[in-house]
Amino acid sequence: MTRRQWGSRSVGRSGGGRGSRTATILLAVVLIAVPALGGCSGSSKEDEHVIPALPPKVCWRAFDGASVVSLLPKAKDPNAEVKGDPVFDLYGRFKSAGCQIHIDGESRFTAWGDRSWSDGRDLETHVLNSLTRLGPMPIEAGDKAIVYRGGARAYFRCERPDLPPSPRNVSSTEVKIVELGLSANSAPSTQHAKDVLTTLMKQYVQFAKRELKCRN
């Protein structure tokens, strides 16, 4: 399935004998202390990372910003950047839509939707098998859905009378199937993160049905 792709320190001289020995000990202490101070400096830079700031609603206003933030890593730049399609429409010029949230220039959360050229059965055959190592679990969202470490997927049939004509090699049944995906590649491997993804996917399915004017 194809989708749009989306300085230095000087030490004075010392005399011989005991004074020289004392200076040598002091110099050794200084040399040992400098790396230790360097280590503290490194940890303070790490502490400068902050929780990214998001608007109350993100990605077509489909998701609560506070929920999405819990799936994101801390950032050097507190200002997250939201990129993607301005509207969620799978039956217009394109058959897919996507939204990404970038943290420090890297995509850390993605939501996408697509008209699936299948009847949804590949969720259990191809998709589930490919995600076995991520511990997929079924959830109640749409017709079929799963949540796994770092993401979630869902399928549902969109019933509406004014669907555009199907391509010649695609049946009218298949063109009604909508596939949704969420990816949070830096989310912690916790049950809480899976719970958040589950809630977001349930919200996403309801949002998609409303935006696509599905009657079911």
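The values are calculated or read from the model by the stated rules, or taken from the named source; none is laboratory data. Since the structure is predicted, the reported quantities are computational estimates derived from the model, not experimental observations. For neighbour counting, all protein chains shown are included, and Cβ atoms are generated from backbone atoms with ideal geometry for every residue, glycine included. Keep in mind that these areas ignore ligands, DNA and RNA; they rest on the heavy atoms of the full protein, side chains included. Shrake-Rupley method; radii C 1.70, N 1.55, O 1.52, S 1.80 Å.
State which residue pairs qualify: first residue over 27 Å from Val178 (Cα atoms) and inside region 97-110, second residue among the acidic types (Asp, Glu) in any location, beta carbons under 6 Å apart, and separation of 6 or more residues or different chains.
Correct list of pairs: Asp104/Asp77.
Could you give every pair whose Cβ atoms fall below 6 Å, whose first residue belongs to region 147-159 and is of a type in the set (Val, Ile, Thr), and whose second residue is at pLDDT 90 or above and open to solvent by 10 Å² or more (accessible area, probe 1.4 Å), counting only separations of at least 6 or pairs across chains?
Qualifying pairs under 6 Å: Val147/Met137; Val147/Ile139; Val147/Lys194; Val147/Thr198.
Filter region 89-102 for residues that are open to solvent by less than 10 Å² (accessible area, probe 1.4 Å) and modelled with pLDDT of 95 or more; which is nearest to the chain's Cα centre (by Cα)?
Applying the filter and picking the extreme gives Ile101.
Among the listed residues Ala53, Ala36, which satisfies the condition of being at pLDDT below 90, of a type in the set (A, V, I, L, M) and out of contact with any helix residue (DSSP H, G or I) (no Cβ under 9 Å at 6 or more places or on another chain)?
Ala36
Please enumerate the residues belonging to region 47-88 that are open to solvent by 60 Å² or more (accessible area, probe 1.4 Å), more than 16 Å from the chain's Cα centre (by Cα) and of a type in the set (A, V, I, L, M, F, W, C).
The answer is Val87, and nothing else.
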